[in-house]
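Q: Starting off with a structure, shown below.
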Amino acid sequence: MKHVLESVENQFETFQILNEDGKIVNKADMPELSDEELKELMRRMVYTRVLDQRSIALNRQGRLGFYAPTAGQEASQLGSHFALEKEDFLLPGYRDVPQLIWQGLPLHQAFLWSRGHFAGGQFPEDVRALFPQIIIGAQYVQAAGVALGIKKRGKQAVAVTWTGDGGTSQGDFYEGMNFAGAYKAPAIFIAQNNGFAISVPREKQTSAKTLAQKAIAAGIEGIQVDGMDVLAVYAATKHARERAINGEGPTLIETLTYRYGPHTMSGDDPTRYRSDELNSEWEKKDPLIRFRKFLEGKKLWSEEEETKVIEEAKNDIKEAIKKADQAPKQKVTDLIGFMYEELPVNLQAQMEEYQAKESK
């Protein structure tokens with residue numbers, strides 16, 4: 001049995017296209033992206049890094065509510081999203097707001113969602129996504145259901161979901177993959193392995209050598225990817241999408257990545273469980289630095305272009321937070337009214353009570 005386990009684990013080698021110096025080490029799997037697409041991918045990564053920096057500052061100023069930093073995970077988040085189509089359906093976790101924004105969610109609504117404002121969850125009709133899931137791993141079960149619905153409707157689309165390494169320790173993780181595998185539903189399950197489920201190291205969550213190998217128990221395809229390599233993440237997701245729409249079933253993608261900030265801005269102190277040496281090791285793998293070197297080597301990127309993106313992001317964020325500030329203050333009657341099309345008797349009584357209070 002030990003021999004069987006080792007033979008399985010040894011099959012999951014880390015898939016990579018660009019090394020830390022931005023050099024191609026895997027020409028065979030280099031995705032076919034135009035120069036403009038490569039530049040757009042970099043633009044989104046730079047924009048998202050600025051968004052993260054400003055969101056942290058806004059949170060500290062008390063102008064945002066819940067916020068989970070994303071710096072370090074741009075390649076994992078945006079490389080996977082860039083491989084999708086507009087008709088695909090997103091089921092993000094709470095750290096996956098960037099994917100929603102690039103799916104079309106207005107930035108001011110992302111800020112309102114952070115504040116817990118109901119308008120933050122009222123997505124435009126053309127944004128095919130659910131708002132971020134707070135319950136760890138629950139989006140995996142939801143993704144399986146959405147994917148089955150897509151299949152039954154005969155649509156050429158996929159349901160895509162993300163969770164962290166901590167999410168793979170939840171029962172929903174296995175249940176979602178097993179259900180999707182049994183029905184060959186067009187789902188892509190992405191496990192962003194950033195090393196820590198809040199403060200618990202990955203190696204203390206599971207005896208599995210990789211998270212990708214957990215796909216085997218569900219009878220689906222699995223792959224481990226260098227999550228700091230945006231081209232590798234893109235290529236793996238593109239392959240998974242093609243499999244899914246061709247009726248070959250779901251895929252589990254483990255991305256090896258790192259979050260440079262705390263788990264969330266709600267009091268987590270990463271210095272208590274992460275060493276300076278570990279931080280330095282992963283900073284050398286920064287997805288933006290790696291991809292920037294690659295693009296500069298192709299004469300596709302410059303300091304001037306990056307500065308332009310940074311300024312664009314800052315201006316967009318300034319306008320979005322201003323618009324979020326102008327949103328009407330929430331009332332209890334708003335929350336009661338949104339719960340049901342027809343209020344049950346007990347809520348009718350509460351509605352009348354609060355309408356009377358709010359009219360004073």
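Q: Just a yes or no: is a residue in the stretch 299-316 loosely packed, with under 14 Cβ neighbours inside 10 Å, in the same structural domain as GLY22 (by TED's automatic domain parsing) and on the phi > 0 side of the Ramachandran plot?
A: Looking through the stretch 299-316, at least one residue is loosely packed, with under 14 Cβ neighbours inside 10 Å, in the same structural domain as GLY22 (by TED's automatic domain parsing) and on the phi > 0 side of the Ramachandran plot.
Q: Can you confirm whether the stretch 324-333 contains a residue that is in contact with a strand residue (DSSP E or B) (Cβ under 8 Å, 6 or more places away or on another chain), farther than 30 Å from VAL146 by Cα and either in a loop (DSSP other than H, G, I, E, B) or touching a residue at least 12 places away in the same chain (Cβ under 8 Å) (or both)?
A: The answer is no; no qualifying residue exists.
Q: List pairs: first residue in the stretch 65-90 and in the same structural domain as ILE223 (by TED's automatic domain parsing), second residue among the acidic types (Asp, Glu) and assigned to a helix (DSSP H, G or I) anywhere in the structure, Cβ distance under 7 angstrom, at least six positions apart or on different chains.
A: PRO69/ASP52; THR70/ASP52; ALA71/ASP52
Q: Aliphatic (A, V, I, L, M), closer than 19 Å to GLY227 by Cα and buried (at least 17 other Cβ atoms within 10 Å of the Cβ): is that true of LEU58 in this structure?
A: no
Q: Which one is surrounded by the most Cβ atoms within 10 Å (Cβ to Cβ), of the residues in the stretch 157-186 that are farther than 22 Å from LEU84 by Cα and either among the β-branched types (Val, Ile, Thr) or in contact with a Gly (Cβ under 6 Å, 6 or more places away or on another chain) (or both)?
A: Here the residue is THR168.
Q: For the stretch 113-132, which positions are assigned to a strand (DSSP E or B) and either outside the structural domain of GLU85 (by TED's automatic domain parsing) or out of contact with any Pro (no Cβ under 9 Å at 6 or more places or on another chain) (or both)?
A: Result: no residue meets the conditions.
Q: Name the one entry in ARG259, ARG243 that is part of a loop (DSSP other than H, G, I, E, B), among the basic types (Lys, Arg) and assigned by TED's automatic domain parsing to the domain that holds PRO31.
A: ARG259
Q: Would you mention how many residues in the stretch 181-226 are on the phi < 0 side of the Ramachandran plot, part of a loop (DSSP other than H, G, I, E, B) and of a type outside the set (A, V, I, L, M)?
A: Matching residues across the stretch 181-226 total 9.
Q: Quick one: SER114 ticks every box in (1) of a type in the set (S, T, N, Q); (2) within 17 Å of the chain's Cα centre (by Cα); (3) within 21 Å of GLU312 (Cα to Cα) bar one, so which box is it?
A: The failed condition is (3).
Q: Taking only pairs six or more apart or across chains, which ones have beta-carbon atoms under 7 Å, a first residue in the stretch 303-323 that is under 11 Å from VAL50 (Cα atoms) and free of Cβ contacts under 8 Å to residues at least 12 places away in the same chain, and a second residue that is of a type in the set (Phe, Trp, Tyr) and assigned to a helix (DSSP H, G or I)?
A: none
Q: Name the single residue that is surrounded by the most Cβ atoms within 10 Å (Cβ to Cβ) among those in the stretch 21-46 being assigned to a loop (DSSP other than H, G, I, E, B) and of a type in the set (A, V, I, L, M, F, W, C).
A: That would be LEU33.
Q: Continuing with the same structure: Within the stretch 324-334, does at least one residue satisfy the condition of being surrounded by 19 or more Cβ atoms within 10 Å (Cβ to Cβ) and aliphatic (A, V, I, L, M)?
A: Checking the stretch 324-334: at least one residue is surrounded by 19 or more Cβ atoms within 10 Å (Cβ to Cβ) and aliphatic (A, V, I, L, M).
The values are calculated or read from the model by the stated rules, or taken from the named source; none is laboratory data. Predicted model only: the values in this text are computed from it and were never measured. Note that each Cβ is placed from the backbone with ideal geometry, even for glycine, and that neighbours are counted across all protein chains shown.
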